[in-house]
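Some notes on the structure that comes next.
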2 protein chains.
Amino acid sequence: MPAATDKTSARRPKGELARERLKAAAVAVLERVGYHQLRIKDVTAEAGVAAGLFHHYYSDLQSLVEEILDEYIAEFEATGHIERDVSKGDWFNRLRSHYEVAVCKHAEHPGIMNCISQFCADDPAFRARWQASYNRRLQLLADVFPYVFPHSELAAHEVRLMVHALSGIGQDVLRERYIERNPDLLSLQLSEAELAEWLAALFYRGLFARNPPQGQLNHARKILSLTR
Amino acid sequence: MPAATDKTSARRPKGELARERLKAAAVAVLERVGYHQLRIKDVTAEAGVAAGLFHHYYSDLQSLVEEILDEYIAEFEATGHIERDVSKGDWFNRLRSHYEVAVCKHAEHPGIMNCISQFCADDPAFRARWQASYNRRLQLLADVFPYVFPHSELAAHEVRLMVHALSGIGQDVLRERYIERNPDLLSLQLSEAELAEWLAALFYRGLFARNPPQGQLNHARKILSLTR
DNA sequence: ATTGATCTTGAATCCAAATTCAATAATAAT
DNA sequence: ATTATTATTGAATTTGGATTCAAGATCAAT
């Protein structure tokens, strides 16, 4: 009897393969029709197997999607360590590298990024994990706050509010551009690096109340003209 | 024969009343269990009527929810004209008043604000309307950009990108605090006015690359200590 | 080459929820 | 008071899809 959620439900190479094919098929269908339209029979059809096989490997759609998203998040976190390239006090490039990851993820897998937020709404446990992952990244910035602003009068939770609020910069833009494909945002033909730089520059201004160092701007130099 | 989507399906005061009661019931259930868990029988039960009556007034749940959200958005837009209180060049208070509306809406009706974003995912036509409403508000700021920054070198679509990106400030915070009730953000006991001021101050910094005028800060004065 | 396990199929079944509808009650019009 | 219209009920039906399962195919082991 198959305890379908259990990974060991595939006990042979062939089984493992089928499992993977189901997963890949689900990703494909996900990108095509979105999470809310995802149906088991679509996944099995895409994978070229009988409908019944699904339940041999997964108990339900949720557990399959959960597995997909968890793997994606893990990959996301690994990429997150691009920060290591950045020299210690170089805040602008640190922000930029974070945004580069975010932009790339949206560009590569808009369907999955969208799925993450939709799945969060249905599965509190997953939501907690995703949020924890997000918080870990925010905390990287919150932790160094005292060094960045020696004269800061903010309490720890005020720092978190601030970082959290600023982190919203660009979230909606990324969703609109890559997920919803809003023509308004597609019209300006920015490369991913350019977009990341714009967003990093805005974050920098919000964080430091000044412009980023001119020398580090490659694409968004125009933003320096916004002062009075 | 009832063309149920048609508003005239209620042809007597009593009918109109029942319609309204269904709508109110749906809002209540929505706030309680969320859009994805919303069921017709829950709505009718909440309204204290038979299940079948639902289809006398609405063709399906979507059209009921759509009606609720459209009305809410209309109300939202009306409130948006708080701007009129603000004197011409007073950018900080203009931002603040926008944030006050946003914060209040989230505080009053977290379930509906959440529903809006979920409904957008399922109904492209509604999504277009919501986005148009959102864009109208963004455009208020984009339109005055040339006056705010006479030396701006940005093209119109770059201005829109910038305004759009900055408008993300706080969106996630509002969702986390009022919709998800994230303890991390509930722990700091900010009033709605205080939160709005913090967010406005951050937006102001991103927009102008400087701090808001000290005299206009009532609650978030600490933010001035963040400079180097 | 026989055995027992795993893999695969697809039709049959189940299920939750939407939807219909015939019957009854309330209301307005004359 | 009669009639026509609208409002309301709730049991019966339909729907869309998940889930089960008996039966056959494949495979590894001995």
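A short reminder: the numbers here are calculations on the coordinates, not readings from a lab. Just so we're clear, the structure is a prediction, and the values are computed from it rather than from any experiment. Backbone-built Cβ (ideal geometry, glycine too); neighbour counts: all protein chains shown.
Between A:Asn182 and A:Arg177, the built amide H atoms are under 5 Å apart, and every one of these is 5 or more places off in sequence or on another chain. For A:Ala24, which inter-copy label distances result when the label point lies 7 Å beyond Cα on the Cα-to-Cβ vector, reported in nm to one decimal and in ascending order? For A:Ala24, the other copies' label points sit at 5.7 nm, shortest first. Would you mind counting up the charge near B:Glu153? Only other residues with Cβ under 12 Å from its Cβ, with Lys and Arg at +1 and Asp and Glu at -1. Its environment carries a net charge of +1. Summary for B:His56: label point 7 Å along Cα→Cβ; distances to the equivalent points in the other copies, ascending, 5.2 nm. Each Lys or Arg adds one and each Asp or Glu takes one away; over the other residues whose Cβ falls under 14 Å from the Cβ of B:Ala107, this sums to -3.
The mean count of C-beta atoms from other chains within 10 Å of the C-beta of residues in A:150-159, rounded to a whole number, is 4. The distance separating the Cα centre of the stretch A:45-101 from that of the stretch B:92-150 comes to 30 Å.
Going highest first, how would you order A:45-52, B:206-213 by mean Cβ packing within 10 Å?
On the way: A:45-52: 13.8, B:206-213: 20.1.
Peptide ranking by packing, descending: B:206-213, A:45-52.
Here's how it looks for B:Gly168: its modeled amide H is under 5 Å from those of A:Gly170, which are all 5 or more places away or on a different chain. Listed by Cβ neighbour count within 10 Å, with the fewest neighbours leading, A:Tyr178, B:Tyr147 appear as B:Tyr147, A:Tyr178. Across the stretch A:167-182, rounded Karplus estimates of 3J(HN,Hα) from the backbone phi angles (6.51 cos²θ - 1.76 cosθ + 1.60, θ = phi - 60°) give 5, x, 4, x, 3, 5, 4, 5, 4, 5, 6, 8, 8, 7, 6, 4 Hz, Gly and Pro being marked x.
Counting only other chains, what is the mean number of Cβ atoms within 10 angstrom of the Cβ of each residue in peptide B:205-215? Don't skip to the answer; put the middle values down first.
On the way: counts 9, 11, 4, 5, 15, 6, 2, 1, 0, 0, 0.
For this peptide, the per-residue mean of nearby foreign Cβ atoms is 5.
Please give the net charge around B:Tyr178, taking every other residue with its beta carbon less than 10 angstrom from that of B:Tyr178, where Lys and Arg add +1 and Asp and Glu add -1. Combined, the nearby Lys, Arg, Asp and Glu give 0.
Classify the protein assembly as shown: rounded, prolate or oblate, from the alpha-carbon gyration tensor (a ≥ b ≥ c, eigenvalue square roots; a/c under 1.5 rounded; otherwise prolate if a/b is larger than b/c)? Each step should come with its number before you reach the end.
Numbers: a/c = 1.93, a/b = 1.21, b/c = 1.60.
Oblate, because a/c is 1.5 or more while a/b does not exceed b/c.
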